[in-house]
Amino acid sequence: MGNCQYQIMTICAFCAIIMSRLLIIPILIINFESMKFSTEELIEGIQSGNKRLIAKAITLVESKKAEHRIQAEELLKRIMPLTGKSVRVGVTGVPGAGKSTFIENFGRLAIAHGKKVAVLAIDPSSSINKGSILGDKTRMEELAKEENAFIRPSPSSGFLGGVANTTFETMMICEAAGYDYILIETVGVGQSEVLVADITDVFLFLKIIGGGDELQGIKRGIMEMVDLIFINKVDQDNLQKAKNTRLELKRALDFIPPKEKGWKIPVLLGSALHNEGLEAIYDSVAEFIDLKKKSGRFNEVRTHQAEKRFEYWVQEYILALMKKNNSVEEAYATHKKNASEMISNPSTEAKLFVEKFLTKGNNI
Ligand SMILES: Nc1nc2c(ncn2[C@@H]2O[C@H](COP(=O)(O)OP(=O)(O)OP(=O)(O)O)[C@@H](O)[C@H]2O)c(=O)[nH]1
Ligand SMILES: [Mg+2]
């Protein structure tokens, strides 16, 4: 009898497991399906300023999956007429210079002026450290509370060893959603600055007092990219030092050919944390945009930037095509290894690889 009871209990337990599995599967399917949105739904969401759908659209354009890319391209094509109207501001500076603090308070200031603000981060190294620093949203807590603000870390991912970044496409979505200012924080050093300068209208450099120029990464390259300089963390104690730094910077700028005719790069002092000097930056940004629009440089630069994006995507799609083919990916890894281990010249290895790829009968 006891044995029979035991058998019945085992059968019941087994049935319960089966039933729960049967219930879980449809729930999972429903959940998965609810994550998918049609292009129409996403566009409507973007246009109506639905932050959840804006975020979904961004996730879509960030995806590398072939089916997602098809939908992403359709979405980007359709929102194209809604884009182009924002002021795109890049913010750079050494780690800890106060970029996030600046963006948060500058963003709040722009909102107080009746504008809508989107914040993005560009982080070419996030494929290594898994996630961008801006993921630490607590740093922009106040701005995040604003109805007219949208904050989005924009992680990039390594692709066939390269750097992929969809911040430009994310920016298009934010513009279509009606954001007037797109504030982009550079993360990391070097490559990130170039990427941001290549997609923005104004490039702002945040400098802190102290530390040699080399330490602060103020290389000639960066100085040639900047349109505005803000010496941050200035208070009564270090005001004189800040003024000296300003003088040094102005002298250094005298040796650099002007990027925009008629624009003398302003070097402003203030405190991002205490909201000092931000209004002057806000006005300078507006003045700079105005000057560029009047001279025709605004459109000229954007045209050039769009051409660069085209070139970027040509490379991305070619690499994606290569990745579809496992043997090509293997060959890529082998040739790259040969190059990195100095077995042969990198250019020779690249040529050998591309020739191998093209003779495989792939249609590019
Ligand atoms: N005293 C003072 N501190 C500031 C000011 N601006 C920023 N800070 C502080 O400096 C620290 C770094 O600021 P962040 O805004 O995180 O700097 P960041 O450049 O974004 O740093 P990373 O993203 O890590 O490169 C924080 O503790 C801020 O509170 C300022 O104007 N004055
Ligand atoms: Mg930061």
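Here, each number is a calculation from the coordinates, and none is a lab measurement. Note that the structure is predicted; figures quoted are calculated from it, not measured. Virtual Cβ from ideal backbone geometry, glycine too; neighbours counted across all protein chains shown.
In terms of its C-alpha gyration tensor, the range 38-81 comes out oblate, because a/c is 1.5 or above while a/b does not outweigh b/c. When the C-alpha to C-alpha distance is required to be over 30 Å, the pairs from Lys56/Lys337; Lys51/Lys261; Lys77/Lys351; Lys64/Lys85 that qualify are Lys56/Lys337; Lys51/Lys261; Lys77/Lys351. Look at Ser295, Ser284, Ser100 and count the other Cβ atoms within 10 Å of each Cβ; fewest to most, that gives Ser295, Ser284, Ser100. Taking other C-beta atoms within 10 Å as the exposure proxy, Asp198, Asp254 rank Asp254, Asp198 from fewest upward.
Stretching Asp237 away from Glu73 to a fully extended chain increases their span by 53.7 nm, per 0.36 nm per residue minus the current alpha-carbon distance. Take every Cα-Cα pair in the range 306-358 and report what % of them are more than 15 Å apart. Roughly 51 percent, once rounded to a whole number.
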